[in-house]
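Okay, so here's the structure we're looking at.
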Amino acid sequence: LFAAGDVAGIEEASSAMIGGRIAGLAAAHRAGYLDDAAFQTQAEAARASLTQLRQGMFAKENRGRTDLTETEEGYELSQNLLAKGYVTEEELQAFPAASEKRGGVHPVIECTQNIPCNPCQDACKFGCIMVGRQITSIPQIEHGKRCTGCGMCVASCSGQAIFLVDDDYDETRAAITMAYEFLPYPEKGQKGTALSRAGRPLCEAEVLSLRKSAATDGTALLTIAVPKEFSMQARAFAFDGGVD
Ligand code: SF4
Ligand code: SF4
């Protein structure tokens, strides 16, 4: 048996891919397509990559621990996320990338755990997002770089943790862009309800656009307008009548 992915142990996507590579190398070696030396060299390199991914709060030595209270950067861990599945607005205040407001369109990154993940950094061709050399680091916003609002970071975030916020959309409203994974898609001009991180109704929202293209790999990006005071709270959208 050559095992990879979640049957070999539940981790995240990058680890599953490398596990698959190791299983593939082992199968090729077993079938005589790779000699001993080539197998050892390539499998060793893949194992080294795995070791690099298995760092941070989800590292092997931390399994089962319930006493972790801070991220590697010293930010207080969200207890609400662990208990209820979402981070509260108060908890997000500790994370600069999630709480800093700036003029014009900019990313708000509500990513609060040291997971091995960095597609957001690679997706931004304008250098606005930095994870750095340690892949488990929490992404930071690079000040001094200008966000174009392209949405690639939103589309590439597997955790749906990135939103684009534009507090200057018009006199009274802010524009929020988020990944949207429900059908049917809302249409421009449609009215609905903006929801909080907890899924509770917040305020009226108007659909400004729904973008979907090959560049975003089919991920739909929904942009809604909400009253400015809700720009750091509105994180989901429901059609009128779709919320209890
Ligand atoms: S919207 Fe585009 S430019 Fe702005 S941070 Fe995301 S990827 Fe970078
Ligand atoms: S892609 Fe999303 S989940 Fe991954 S590090 Fe970036 S913000 Fe966090």
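The values are calculated or read from the model by the stated rules, or taken from the named source; none is laboratory data. Being a predicted model, the structure only gives us computed values, none of them experimental. Glycine also receives a Cβ, built like all others from the backbone with ideal geometry; neighbour counts cover every protein chain displayed.
I'm trying to understand the selection: among the residues of the stretch 95-111, which are modelled with pLDDT under 95 and in a loop (DSSP other than H, G, I, E, B)?
E100, K101, R102, G103, G104
Pull up the stretch 152-174, narrow it to residues that are among the small types (G, A, S) and away from ligand 1 (no atom under 12 Å from the Cβ), then point me to the one that is farthest from the chain's Cα centre (by Cα).
Among those that are among the small types (G, A, S) and away from ligand 1 (no atom under 12 Å from the Cβ), it is A174.
Taking A94 as the residue in question, decide whether it is of a type in the set (G, A, S) and either touching a helix residue (DSSP H, G or I) at 6+ places or on another chain (Cβ under 6 Å) or surrounded by 15 or more Cβ atoms within 10 Å (Cβ to Cβ) (or both).
Judged against the criteria, A94 is a match.
Kindly evaluate E142 against the criterion of being more than 9 Å from ligand 2 (Cβ to nearest atom) and at pLDDT 90 or above.
yes
Of the residues T177, T193, which is of a type in the set (S, T, N, Q), away from ligand 1 (no atom under 11 Å from the Cβ), assigned to a strand (DSSP E or B) and in contact with a strand residue (DSSP E or B) (Cβ under 8 Å, 6 or more places away or on another chain)?
That would be T193, the only listed residue that is of a type in the set (S, T, N, Q), away from ligand 1 (no atom under 11 Å from the Cβ), assigned to a strand (DSSP E or B) and in contact with a strand residue (DSSP E or B) (Cβ under 8 Å, 6 or more places away or on another chain).
For (1) assigned by TED's automatic domain parsing to the domain that holds G149; (2) on the phi < 0 side of the Ramachandran plot; (3) of a type outside the set (S, T, Y), each residue gets a yes or a no:
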| position | (1), (2), (3) |
| --- | --- |
| E187 | yes, yes, yes |
| R200 | yes, yes, yes |
| L210 | yes, yes, yes |
| A214 | yes, yes, yes |
| D217 | yes, no, yes |
| L222 | yes, yes, yes |
| V226 | yes, yes, yes |
| S231 | yes, yes, no |
| A234 | yes, yes, yes |
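Would you call A38 in contact (Cβ under 8 Å) with a residue 12 or more places away in the chain and in a helix (DSSP H, G or I)?
Considered against the rule, which asks whether it is in contact (Cβ under 8 Å) with a residue 12 or more places away in the chain and in a helix (DSSP H, G or I), A38 comes out as no.
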